[in-house]
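Notes follow once the structure below has been shown.
The values are calculated or read from the model by the stated rules, or taken from the named source; none is laboratory data. These numbers come from a predicted model, not from an experiment. Here the Cβ positions follow ideal geometry from the backbone for every residue, glycine too, while neighbour counts run over all protein chains shown.
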Amino acid sequence: MNKTVLITGASRGIGAEIAKVFAQNGYTVLINFNKSQKEAEALLKLLKDNGCSAHIIKADVSKIDEAEHLVCECLKLVPQIDVLVNNAGVSLNAPFNDCDIQKGIEVINTNLIGTMAVTKYVSDNMIKHKKGKIINISSVWGICGASCEVYYSASKAGVIGFTKALSKELAPSGITVNAVAPGVIKTDMNNNLSKKDMQNLIDEIPVKRLGSSYEIAKTVFFLASSDADYITGQTINISGGFLI
Ligand code: NAP
């Protein structure tokens, strides 16, 4: 039987690329989306046209009942979830004192609480089977903090703390928990940056280019493989030297 992976926020960007890499490697891919139904359906068609096994499931992971429903729906489709990738995320770029606090809470609810909620329901299933790999998508801003992205940075730092603590708790159950911290990756999330701001960012990256979703996906796939069985509680910084 195929191994299975649930990827949250896989309709677009990094999540969609992670779905492609796992599908190409023989996994049954459970693609969560929230608002981008058309993109999720297009990805599903692409994977199925290539002979891969995949399903799409709508859920807003920032809502705990929807996170639970997502996992229930997945477990109707597959008997167990081998790999969970908590990728769904939103950003909020503005000075802290100008941010509407409710908007800030939505960022925390999606990036941190959503990660915790989906993990809670999936890890129940993983503990039963005494195996599993959980990979959380954090950010370099969760390590060093970004001016004008305070809620985002706090949510991503929370993801790193969550990863460390949960890795200790789940290791005896045969489950590893790791995170990746991307630098600046070419996706819709950075569309708000002007050409000038983008060039300034690139100038600050030692390898002098943005990262690709594929580069993130390959590291996530490595962390899900048996080659990474002895790695847990870690956060891998993938930023072309932007943060060293
Ligand atoms: P993106 O292109 O904006 O895609 C975001 C994805 O998250 C979409 O598929 C979106 O789904 C999903 N999503 C957002 N809110 C959701 C919710 N409440 N429930 C379910 N899905 C939700 O962003 P990206 O760059 O691929 O980012 C993916 C992850 O990488 C995020 O966690 C982000 O913080 C992290 N990251 C990105 C960068 C970067 O430079 N791009 C750097 C560091 C970390 P719908 O459209 O269907 O709602």
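Screening the candidates Ile14, Ile57 for the property of being under 16 Å from Ile135 (Cα atoms) and either in a strand (DSSP E or B) or within 12 Å of the chain's Cα centre (by Cα) (or both) yields one hit, Ile14. For region 213-233, the count of residues that are among the basic types (Lys, Arg), more than 12 Å from the ligand (Cβ to nearest atom) and closer than 26 Å to Gly26 by Cα is at least one. Among the residues of region 195-235, the ones that are in a loop (DSSP other than H, G, I, E, B), touching a helix residue (DSSP H, G or I) at 6+ places or on another chain (Cβ under 7 Å) and of a type in the set (Gly, Ala, Ser) come to 1 in all. Scanning region 23-46 for residues that are within 15 Å of the ligand (Cβ to nearest atom) and in contact with a helix residue (DSSP H, G or I) (Cβ under 7 Å, 6 or more places away or on another chain), which turns out farthest from Asn87 (Cα to Cα)? This residue is Leu43. If you take the residues of region 73-93 that are away from the ligand (no atom under 16 Å from the Cβ) and assigned to a helix (DSSP H, G or I), which of them is nearest to Val107 (Cα to Cα)? So the residue we want is Leu75. When you go through Ile101, Ile108 one by one, which is the residue that is β-branched (Val, Ile, Thr), buried (at least 17 other Cβ atoms within 10 Å of the Cβ) and farther than 28 Å from Asn25 by Cβ? Result: Ile108 is the single residue among Ile101, Ile108 that is β-branched (Val, Ile, Thr), buried (at least 17 other Cβ atoms within 10 Å of the Cβ) and farther than 28 Å from Asn25 by Cβ. Exactly one residue out of Asn136, Asn192, Asn178 is in a loop (DSSP other than H, G, I, E, B) and either farther than 24 Å from Ser36 by Cα or of a type outside the set (Ser, Thr, Tyr) (or both), and it is Asn192. Only one entry in Lys156, Lys133 is in contact with a strand residue (DSSP E or B) (Cβ under 6 Å, 6 or more places away or on another chain), at pLDDT 95 or above, among the charged types (D, E, K, R) and within 17 Å of Val85 (Cα to Cα), namely Lys133.
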